[in-house]
Amino acid sequence: MAREFQRGHKAKISDLTPGTDLYVGVQIAAPGLTFDISCFGLDADEQLSDDRYFIFFNQPKSPEESVQLLGAQSGDTESFRVTLDRVPAGIHKLSFTATLDGPGEMSQIGPGYIRIVAGGEEVVRYAFTGSEFTTERAVMLGDFYLKDVWRFAAVGQGFDGGLDALLKNFGGEVAEEEPGPPQAVPGFAPPAQTSAPPAFAPPPAPAFDAPPAPAPQPPPAFGAPQAPVPQQPGHSAPTIATPTAPPAPQAPSPYGQTPPSYGQAQPQFGQVPGQGAPPGAPYGQPAPAPYGQPAPGGMPPGASHGVPQGVPPTGAGLRAALQPYKETATGQRWTPQNQQLMRVDLTMGGGGVLARQGSMVMYQGKVDFGYKSAGFVGRAVGSATGQEMQLMRCTGRGQVFLAEEGAHLHPVELQGDAICVSAESVLAFDESLQYEVRRIEGHGIPGGALFTMQFQGTGTVIVKTHGTPVVLPVTSTTFADCNAVVAWSAASQVIISSQVRLRRNAYPGHSGETVNLQFRGAPGNFIVVQPYEV
């Protein structure tokens, strides 16, 4: 039986089917509207670094044919064949999208879906409707993404602009050309065909896994498919020009998981896994200007209110002036709105959220807030440190916006692993996570001890820092000021290190750094330090 996904749901492909040769069907329609349905093969930075992996009506297959466009069949507006074990190592995500060709908006579409079929049986279906969108002209439907293993995510995220804007978002450029000559239909059969066994059935020796002929044909050049495909009338075939330069390497190393330098490819620090863009630039949308800075083309500082000083590039008026600060919705449970504001969608993923009391700045929808006792240990933390550790429980259906004193916020997603975070640096976390308060005692530490919270399980922790932190690997000589350390890997050993056993003001010229924390651990452990002493 097919699993019904909601927007934001994710799962390992191995949990859905043991097969790797999959059929992906997309159904989307609206009276009088025409759609282009495409697949983008993206690298680890979520960029189209190789234009041969943009699969669309004018380029129906990748060079090794791991992704093939099949056309409309079995009730699907468009369909693909995806062979995951043949996808090159440089491709980390396959993003399936639908864009409008001509006038119209995504709010006009009827009920649609993206589905996965394996072995002739539907295993996943994500359904959507036009009521989920407004003026968008494109929608990101679903992703296959590589995170230690291949996984599938139901995205359902609207995107302003059409195919050209979407292509530029992934690092490519579009040049308009005349439509190519008509071509013939490839012979690959859909899984629902009844006259012959489905091509995706798992027989011992499927046709598509058969060894190649003795004299294989060379792979087709870009834009010249091996088997011709009929050209849909009315399309202006975009041809990819040189892709834009990939973004500069992003530092620091992964926050909350083993750094890449130790052999594991993990999300960048402060980034929710499955989303390649950093918090300042949510998946598929441009990053808003930092709060408090004027929008491009807006009123200059010091201008008297109400006196026009120029027309913003997007048009005049209040709406244009506020456009850079509009709410960002990515279809994920946790979405940074900017560096200091975090949005949690309680309708995504299920379960409640625990957050510091007083951290809610706004909410929308039907949300209930309740007091969450931290228990005896929590009260002990409050009495010893002056930090009451009081939590509120947020439940219901709606969106809650969290912030605290302008601190920088970083979502850290855990998937069965663990992390220790200074109690002062925890803003909120998913209720599904297991957590406990730990105490590190030592003479010279303010209050006599440092209190940390260890999180483990599957969910997200929101960590707050003063400024941009740095992630360092743990070595035999790694020390950190107990007032500046934010978090560390749970497997690290923490030791109190006193370089001077006298009080800070015991003698003139003292450095003032008497008590540090020494971290020890095997390669792969890390610490996170902020440029600020609490």
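The values are calculated or read from the model by the stated rules, or taken from the named source; none is laboratory data. Every value quoted in this text rests on a predicted model; they were computed, and no experiment measured them. Cβ coordinates were reconstructed from backbone atoms using ideal geometry, including for glycine residues, and neighbour counts include every protein chain displayed. Only protein heavy atoms, including side chains, enter the accessible area calculation; ligands, DNA and RNA are left aside. Shrake-Rupley method; radii C 1.70, N 1.55, O 1.52, S 1.80 Å.
Looking for whichever is more than 14 Å from V344 (Cβ to Cβ) and part of a loop (DSSP other than H, G, I, E, B) here; the options are E405, E424, E436. Which one fits?
On the way: E424 fails: part of a loop (DSSP other than H, G, I, E, B); E436 fails: part of a loop (DSSP other than H, G, I, E, B).
One residue alone meets the criteria, E405.
Out of (1) more than 18 Å from L163 (Cβ to Cβ); (2) touching a Lys or Arg at 6+ places or on another chain (Cβ under 7 Å), what's the single condition that is false for E105?
(1)
Taking the criterion of being farther than 16 Å from A154 by Cβ and of a type in the set (D, E, K, R), would at least one residue in the stretch 102-111 satisfy it?
yes
Would you check if Q415 is open to solvent by 40 Å² or more (accessible area, probe 1.4 Å), modelled with pLDDT under 90, within 29 Å of R333 (Cα to Cα) and not in a loop (DSSP other than H, G, I, E, B)? Write out each step before concluding.
On the way: open to solvent by 40 Å² or more (accessible area, probe 1.4 Å): yes; modelled with pLDDT under 90: yes; within 29 Å of R333 (Cα to Cα): yes; not in a loop (DSSP other than H, G, I, E, B): yes.
It is true that Q415 is open to solvent by 40 Å² or more (accessible area, probe 1.4 Å), modelled with pLDDT under 90, within 29 Å of R333 (Cα to Cα) and not in a loop (DSSP other than H, G, I, E, B).
Looking at the stretch 461-488, which of its residues are open to solvent by less than 10 Å² (accessible area, probe 1.4 Å) and hydroxyl-bearing (S, T, Y)?
T465
Working only within the stretch 341-357, note down all residues that are free of Cβ contacts under 8 Å to residues at least 12 places away in the same chain and more than 23 Å from the chain's Cα centre (by Cα). Show your work before the answer.
Residues of the stretch 341-357 that are free of Cβ contacts under 8 Å to residues at least 12 places away in the same chain, as a first pass: 350.
Selection gives nothing.
Tell me which of these Q456 doesn't satisfy, since it passes every other one: (1) within 20 Å of R356 (Cα to Cα); (2) surrounded by fewer than 19 Cβ atoms within 10 Å (Cβ to Cβ); (3) modelled with pLDDT under 85.
If we test Q456 against (1) within 20 Å of R356 (Cα to Cα); (2) surrounded by fewer than 19 Cβ atoms within 10 Å (Cβ to Cβ); (3) modelled with pLDDT under 85, just (3) comes out false.
For a quick check of your reading: which strands (runs of 3 or more DSSP E) sit entirely within the stretch 8-113 and have at least 2 residues that are farther than 24 Å from G171 by Cβ, open to solvent by less than 10 Å² (accessible area, probe 1.4 Å) and not hydroxyl-bearing (S, T, Y)?
On the way: elements: 10-12, 21-27, 35-42, 67-69, 78-83, 93-100.
Strands (runs of 3 or more DSSP E) meeting the threshold: 21-27.
Is there any pair with a first residue in the stretch 404-426 that is in contact (Cβ under 8 Å) with a residue 12 or more places away in the chain and a second that is open to solvent by 30 Å² or more (accessible area, probe 1.4 Å) and assigned to a helix (DSSP H, G or I) whose Cβ atoms are under 7 Å apart and which are 6 or more apart or on different chains, and what are they?
Sorted first by the residue in the stretch 404-426, then by its partner, the list stays empty.
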